[in-house]
Amino acid sequence: MSREAVHRCGSPDWEQAMAIAAAQPAPLPIVEAPLAECPGEVLARTVHTPIPIPHFDSSAMDGFAVAGPPPWTLENELPTETGSMARAEVPALGAGRARVIVTGGPVPAGASGIVRREYAQATGDRLDLIAGCPDTELETGRHIRRAGRESALGEAVATAGTVLTPAHIAYAAVAGFDTLPVRRRARVAVIQTGDEVRGTGIPAAGEVRDAFGPQLPAYVRLLGGDVVSQVRIGDDAAQTRAAIEAVSGGNAVDLVLTTGGTGRSAADHVRREVEALADEVLFGELDMRPGHPTMFTRLPGAACWQVGLPGNPLAAMVAMRVVVQPFMRTLRGLPPEVIETVRLADGAPGARVQRLTPARRSGRPGVTLGDAGAAGTDQTGAASGAWELCDKTGPNMLRGLSHADGLVVLPASPVAPRGSVSCLRLPWTT
Ligand SMILES: Nc1nc2c(c(=O)[nH]1)N[C@H]1C(S)=C(S)[C@@H](COP(=O)(O)OP(=O)(O)OC[C@H]3O[C@@H](n4cnc5c(N)ncnc54)[C@H](O)[C@@H]3O)O[C@H]1N2
Ligand code: MOO
């Protein structure tokens, strides 16, 4: 039985669409993930080191732990023994004595410092400095890495909301963590429509190569989720309904991405079937070009949404950036993004409607990247170079997007040379 879906907002613009998408889901549950799985994930809670870092006094050099001024009596110990001994097992060093130590080895109690190997000379069991050794080598604490110098016990290792990098993981490992609390990764189902769409080879006239299937999983991964199921179906109402019902029940996925079929022709079934199935239509179209027919709905079940990506490839990619990316940020526990402003080197002529257009950072002579003085600054105050519009950016085209660093918002009115426009960076640009 078809229920009447709740229609919320008529035709939001791109900025309203981002806000609606970001406001919908709750952040996903927190899971303890092994460190190796954490790079790229968002830390869900601030974590504090359970030990001082480093956690014991160690030598920064291969050489000799010494107690007091030279000469010293050299103890007869092998470096490997000293290096691998636990701190508590290392015997104290008596006054006037020296002992071999390796980099990272625990410093014995009683040691006043470390003398590096190349500055010391042993004759029998007598150890002395070589001629010309700098005076600094005898400073108290020389070449000793003191416990807690990097971080005291209980200091923050990383704060909630951090997107974890390999460096964060390395630091957390040093602090003794085996796992970190991160948000569960979003599970996304992809349903592609289109009788004319083929997956491999050269398409015949009337056919198109599938522009979505090979890249949507990677796009979703860049946004912090995983495509857990992916099907291609024909332009058929029953198949469309069955495919959506198959993935949306039972809490298995957080988001269903459909491609194509958002139109109102007899061959377009996504719109009708989703409208019949959905608990809520957050928006059924956008006041945005390209990407005008993009839909965003909440499907039956605890927490499962649907984004209807239009079939035109650039329109679909714009909808990914405007609707899916903010939605995924919230799932990951990230705050809504701050919209960047950039300058357009050559400006832009006015158009009938506002357009989100592929653009790139300009590399032309006279327009220097990161030159804040010449090219302006973005809203966050960071230096930002001027941008130029890409060529070949019709709604069915991908060539311009393939050269782009972001989507700039061109207003209907003309933009003067070096004029400011809003810009949404693409998630694969660095
Ligand atoms: N009479 C009207 N026609 C159209 C309108 C309109 O308002 N009135 N809107 C246009 C706009 S805007 C868009 S965007 C598209 C939306 O189309 P659908 O979402 O219904 O998608 P389809 O009709 O299935 O396909 C449109 C186009 O995209 C190609 N396509 C589909 N899937 C793929 C794929 N996986 N890889 C590459 N290309 C794909 C398909 O072959 C069509 O060329 O409607 C306009 N028309
Ligand atoms: O969404 Mo369409 O032209 O706006 O591609």
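The values are calculated or read from the model by the stated rules, or taken from the named source; none is laboratory data. Treat the numbers as computed from the prediction; the structure is a model and nothing was measured. Cβ: placed from backbone, ideal geometry, glycine included. Neighbour counts: every protein chain shown.
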In this structure, does ALA302 turn out to be of a type in the set (A, V, I, L, M), away from ligand 1 (no atom under 14 Å from the Cβ) and touching a helix residue (DSSP H, G or I) at 6+ places or on another chain (Cβ under 6 Å)?
yes
Within segment 294-316, take every residue that is aliphatic (A, V, I, L, M) and near ligand 2 (Cβ under 9 Å from one of its atoms) and give me the one that is farthest from ASN396 (Cα to Cα).
ALA316
Could you go through segment 231-245 and let me know if any residue there is in a loop (DSSP other than H, G, I, E, B), closer than 29 Å to ALA351 by Cβ and at pLDDT 95 or above.
no
For segment 13-25, does any single residue satisfy the condition of being farther than 28 Å from ARG184 by Cβ and touching a helix residue (DSSP H, G or I) at 6+ places or on another chain (Cβ under 8 Å)?
yes
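With the condition kept exactly as written, say whether any residue in segment 284-291 is among the acidic types (Asp, Glu), away from ligand 1 (no atom under 15 Å from the Cβ) and touching a residue at least 60 places away in the same chain (Cβ under 8 Å).
Initially, segment 284-291 is screened for residues among the acidic types (Asp, Glu), giving 285, 287.
Right, trim to away from ligand 1 (no atom under 15 Å from the Cβ) and you get none.
There is no residue in segment 284-291 that is among the acidic types (Asp, Glu), away from ligand 1 (no atom under 15 Å from the Cβ) and touching a residue at least 60 places away in the same chain (Cβ under 8 Å).
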Filter segment 328-348 for residues that are in a helix (DSSP H, G or I) and either surrounded by 24 or more Cβ atoms within 10 Å (Cβ to Cβ) or among the aliphatic types (A, V, I, L, M) (or both); which is nearest to ligand 2 (Cβ to nearest atom)?
MET328
Matching residues in segment 31-50 - criterion: being surrounded by fewer than 16 Cβ atoms within 10 Å (Cβ to Cβ) and either among the β-branched types (Val, Ile, Thr) or touching a Cys at 6+ places or on another chain (Cβ under 7 Å) (or both)
VAL31, THR46
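When only residues in segment 129-147 that are buried (at least 17 other Cβ atoms within 10 Å of the Cβ) and not basic (Lys, Arg) count, which is nearest to the chain's Cα centre (by Cα)? It would help to see each step written out before you state the result.
Initially, segment 129-147 is screened for residues buried (at least 17 other Cβ atoms within 10 Å of the Cβ), giving 129, 133, 137-138, 142-145, 147.
Next, from what is left, pick out any that are not basic (Lys, Arg): 129, 133, 137-138, 143-144, 147.
On the way: LEU129: 52, CYS133: 49, GLU137: 45, LEU138: 47, HIS143: 38, ILE144: 37, ALA147: 33 Å.
The extreme case among them is ALA147.
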Among ARG332, ARG360, ARG343, ARG355, which is the only one that is within 30 Å of GLY250 (Cβ to Cβ) and at pLDDT 95 or above?
ARG332
Scope segment 201-253; condition under 31 Å from the mean Cα position of the chain (by Cα) and either within 16 Å of ligand 2 (Cβ to nearest atom) or among the polar types (S, T, N, Q) (or both); matching residues
ALA211, PHE212, GLN215, SER229, GLN230, SER248, ASN251
Among what's in segment 256-293 and is within 13 Å of ligand 2 (Cβ to nearest atom) and aliphatic (A, V, I, L, M), pick the residue that is farthest from ALA243 (Cα to Cα).
MET288
Being part of a loop (DSSP other than H, G, I, E, B), of a type in the set (Val, Ile, Thr) and within 14 Å of VAL163 (Cα to Cα) is the filter here; which residues of segment 9-56 pass it?
THR46
Can you name the residue in segment 400-430 that is in a strand (DSSP E or B) and of a type in the set (Val, Ile, Thr) and, of all such residues, is nearest to GLY224 (Cα to Cα)?
VAL408
Could you list, ordered by first residue, the pairs with Cβ atoms under 8 Å in which the first is in segment 396-419 and more than 18 Å from GLY350 (Cβ to Cβ) and in contact (Cβ under 8 Å) with a residue 12 or more places away in the chain and the second is assigned to a loop (DSSP other than H, G, I, E, B) and within 16 Å of ligand 1 (Cβ to nearest atom), at least 6 apart or interchain?
ASN396/ASN312; LEU398/ALA211; GLY400/LYS392; GLY400/THR393; LEU401/THR393
Looking at ALA175, ALA211, which is the one that is in contact (Cβ under 8 Å) with a residue 24 or more places away in the chain and under 29 Å from VAL256 (Cβ atoms)?
ALA211
From the options PRO313, PRO326, residue that is near ligand 1 (Cβ under 9 Å from one of its atoms) and outside the structural domain of VAL163 (by TED's automatic domain parsing)
PRO313
